[in-house]
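The block underneath contains the structure these notes are about, expressed in C-alpha cells.
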Amino acid sequence: MFDVAIKNGLCFINGEFVQANVGIRGNRIVYVGRDEIRGDIEIDTSSSFVLPGLFNAHTHLAMTLFRGFAEDMPLMDWLRKKIWRAERKLTPKDVYWGSMLGILEMLKTGTTGFSDLYIHMDEVAKAVGRTGIRAVLCYGMADRGDVERAEEELRIGEKFIREWDDAFEGRIKAIFGPHAPYTCTPEFLKLVKEKADKIGCSVHIHVSETQWEVEEIKKQYDQSPIRMLNDVGFLDWNVVIAHGVWLDDEEIAILAERKVSVVHCPVSNLKLASGIARVSDMVEAGVNVALGTDGAASNNTYNLFEEIKLTSLLQKVRTGRADIIKAGEVLQMATRNGYAAYRLNGGEIREGMLADVVVVDGRRHNFTPMYNAINAIVYGSFGCEVRHVVVDGKLIVEDGEVLTMDEVKVIEKAERIVEKFRE
Ligand SMILES: [Zn+2]
C-alpha cells in the first residue's frame, strides 16, 4: 500500500516512454514497475503521459506583475528606463501576490520546482510554503562597487539562507544570488563564492547574457565575463549560470571542466534580442544545460513547454542541422538537468527520487494521431494538457485545478496591485 499510486500510465523513464505504475510513499518515489499497486490516493493515468516534474531553473517570479509592462525594448533600456524604476515601488506584499500568480501558472503547466532570484524573498518563501511547490531561492545581490553596500547585501543574502534553507520539510533550498558581473565586483563575487563553499550552498548568477555585457566587462577587466569569473575562483560545480548566450569555444570548455551548470532561457533571449545560446555545443562539451523562462516581464509566461520546443528548434536553425538536440534530450533538460543543476534528487521517475510527478492528458486534438509520445509532448504541447501534479508526494493539482490556492483571489489581488504601475 502506497500513499499515492499512479497507475497504468506511459512514463518518461531514461529518455523514453514505457508503461509503468508508480508508487509514492512520503515525499519519495519508492516503486516503479509493472506490478499491480494500491494507494490511499489512486490516480488512473490510462491514455495519459506521466512525466517527472518540470524544473524552471531561472525565474524572477513576482515579475508576473510586470507582464506586458515594457515591451519591444533592448535589455539595458528595458532595465534602466522601465523595470528598475518600477521595482522600487514593489512592497513585500506585492511580491507575495506576484509570486502566487507565478506559482499558479507554473503548477498549471506542469512545473514542480523553480529557481528564483529576486527581492523581498521572505515573501516568495511564504508563497512556496503555502502552495506546496518546490523552490530554490536566493536574494538578488548587487554591490555596484560600493564596499558598504557589499557588506549589507551579503548580510541580507546570508540571513535569508539561515532563515529559509530546508524550510517546509526541505521543499525550499536557499542559496546565494549575486546578480551579474556588471552589477557585482570581482572582489564581491569572490567573497560570495567563499561564503557559499563554507555554508555548503549553491550560487546562481546571470552571465554573458548580451554582447553589451561582454564588451563592458572586457573594457573594465580586460577579459570576458567567464574568464574573469574563472580567474577569481568563482566557477565551480556548485555554480549555476543563467543565459551564457555569448560564449567562445574556450569558455564552453572552461564551463565543462569546472562542472558549471547553464540555464538556457530562449524566449527571454529572443524577446530582448540578446542572441541564441550555443546549446548544442555546450551539450557536446559535457555542460549540464537546464531550461528557464527568466522573469515574466521578458517572456511573458512561466510555461516551460514553450522553452522546451524553442530550445530544440533554435539549435536546428542555428546549426543548419535538423537532427540536433532531439526531443528526448530537451525533455531531460527541462526535468532531470534542472534538478541536477541545483543538486536536488529529482526530475526522474525512478525509485528513491523526490516524488515530483506530472500527469499530462494524452487524448487531445494536438496529440492526434499519436505516432511517438516524446515528439508529441516536445513539439505539440501547449502546456494546458497538464491534468494532475504531485509535488513532494502531495497531490497539488487535480484535474487542472490547483488545490492549494484560490485562483480568482490571486488574479484579483494582482490586478489591484498593478494600478500604481499604470501611467
Ligand atoms: Zn534573469
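The values are calculated or read from the model by the stated rules, or taken from the named source; none is laboratory data. Predicted model, so just to flag it, every value in this text is computed and none were measured. Cβ: placed from backbone, ideal geometry, glycine included. Neighbour counts: every protein chain shown. Calculation scope for accessible area: heavy atoms of the full protein, side chains included, ligands and nucleic acids excluded. Shrake-Rupley method; radii C 1.70, N 1.55, O 1.52, S 1.80 Å.
Kindly evaluate A125 against the criterion of being modelled with pLDDT under 95, in contact with a helix residue (DSSP H, G or I) (Cβ under 7 Å, 6 or more places away or on another chain) and open to solvent by less than 30 Å² (accessible area, probe 1.4 Å). For A125, the condition - modelled with pLDDT under 95, in contact with a helix residue (DSSP H, G or I) (Cβ under 7 Å, 6 or more places away or on another chain) and open to solvent by less than 30 Å² (accessible area, probe 1.4 Å) - is not met. Being away from the ligand (no atom under 16 Å from the Cβ), in contact (Cβ under 8 Å) with a residue 12 or more places away in the chain, in the same structural domain as T59 (by TED's automatic domain parsing) and under 24 Å from G295 (Cα atoms) holds for only one residue in L247, L191, and it is L247. Applying the set (1) of a type outside the set (F, W, Y); (2) touching a helix residue (DSSP H, G or I) at 6+ places or on another chain (Cβ under 6 Å); (3) not in a helix (DSSP H, G or I) to I308 leaves exactly one unmet item: (3).
Each residue in region 170-188 was checked for being open to solvent by less than 10 Å² (accessible area, probe 1.4 Å) and within 16 Å of the ligand (Cβ to nearest atom), and 8 of them qualify.
Checking each residue in region 384-423 for being part of a loop (DSSP other than H, G, I, E, B), over 26 Å from A5 (Cβ atoms) and among the acidic types (D, E) picks out D406, E423. For region 254-280, the tally of residues that are more than 16 Å from the ligand (Cβ to nearest atom) and open to solvent by less than 20 Å² (accessible area, probe 1.4 Å) stands at 4.
Does at least one position in region 319-326 carry a residue that is part of a helix (DSSP H, G or I), without any contact (Cβ under 8 Å) to a residue 40 or more places away in the chain, surrounded by fewer than 24 Cβ atoms within 10 Å (Cβ to Cβ) and within 15 Å of the ligand (Cβ to nearest atom)? No, every residue in region 319-326 fails to be part of a helix (DSSP H, G or I), without any contact (Cβ under 8 Å) to a residue 40 or more places away in the chain, surrounded by fewer than 24 Cβ atoms within 10 Å (Cβ to Cβ) and within 15 Å of the ligand (Cβ to nearest atom). Just one residue in the set V232, V283 is away from the ligand (no atom under 16 Å from the Cβ), surrounded by fewer than 23 Cβ atoms within 10 Å (Cβ to Cβ) and farther than 28 Å from E385 by Cβ; that residue is V232.
Rundown of residues vs (1) over 20 Å from L304 (Cβ atoms); (2) of a type in the set (S, T, N, Q); (3) in a strand (DSSP E or B); (4) not assigned by TED's automatic domain parsing to the domain that holds T131, yes/no style:
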{"site": "V330", "(1), (2), (3), (4)": "no, no, no, no"}
{"site": "R363", "(1), (2), (3), (4)": "yes, no, no, yes"}
{"site": "N366", "(1), (2), (3), (4)": "no, yes, no, yes"}
{"site": "Y371", "(1), (2), (3), (4)": "yes, no, no, yes"}
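Working only within region 1-25, note down all residues that are within 21 Å of R336 (Cβ to Cβ) and either surrounded by fewer than 16 Cβ atoms within 10 Å (Cβ to Cβ) or without any contact (Cβ under 8 Å) to a residue 40 or more places away in the chain (or both). Hits for region 1-25 are N14, G15, E16, V18, Q19, N21, G23. Considering region 151-169, and only residues there that are touching a residue at least 40 places away in the same chain (Cβ under 8 Å) and within 21 Å of G346 (Cα to Cα), the residue that is least open to solvent (accessible area, probe 1.4 Å) turns out to be A167.
Among the numbered conditions (1) out of contact with any His (no Cβ under 6 Å at 6 or more places or on another chain); (2) within 17 Å of V317 (Cβ to Cβ), the only one that V279 does not meet is (1). Among the residues making up region 377-400, those that are free of Cβ contacts under 8 Å to residues at least 40 places away in the same chain and surrounded by 13 or more Cβ atoms within 10 Å (Cβ to Cβ) are G380, E385, E398.
Sub-6 Å Cβ pairs linking a first residue in region 96-123 that is farther than 19 Å from H264 by Cα and of a type in the set (S, T, N, Q) to a second residue that is within 16 Å of the ligand (Cβ to nearest atom) and open to solvent by less than 10 Å² (accessible area, probe 1.4 Å), at least 6 apart or interchain, are S99/L61; S99/A62; S99/V124, ordered by first then second residue. Against the condition farther than 30 Å from E213 by Cα and over 16 Å from the mean Cα position of the chain (by Cα), how does E148 come out, does it pass? No, not satisfied.
Checking the stated criteria, T301 turns out not to satisfy the condition of being assigned to a helix (DSSP H, G or I) and either in contact with an Asp or Glu (Cβ under 7 Å, 6 or more places away or on another chain) or open to solvent by less than 40 Å² (accessible area, probe 1.4 Å) (or both).
Within region 298-355, being hydroxyl-bearing (S, T, Y) and under 13 Å from the mean Cα position of the chain (by Cα) holds for T301, Y302, T335, Y339, Y342.
Per the conditions (1) open to solvent by 40 Å² or more (accessible area, probe 1.4 Å); (2) of a type in the set (F, W, Y); (3) part of a helix (DSSP H, G or I), the sole criterion not satisfied by W246 is (3).
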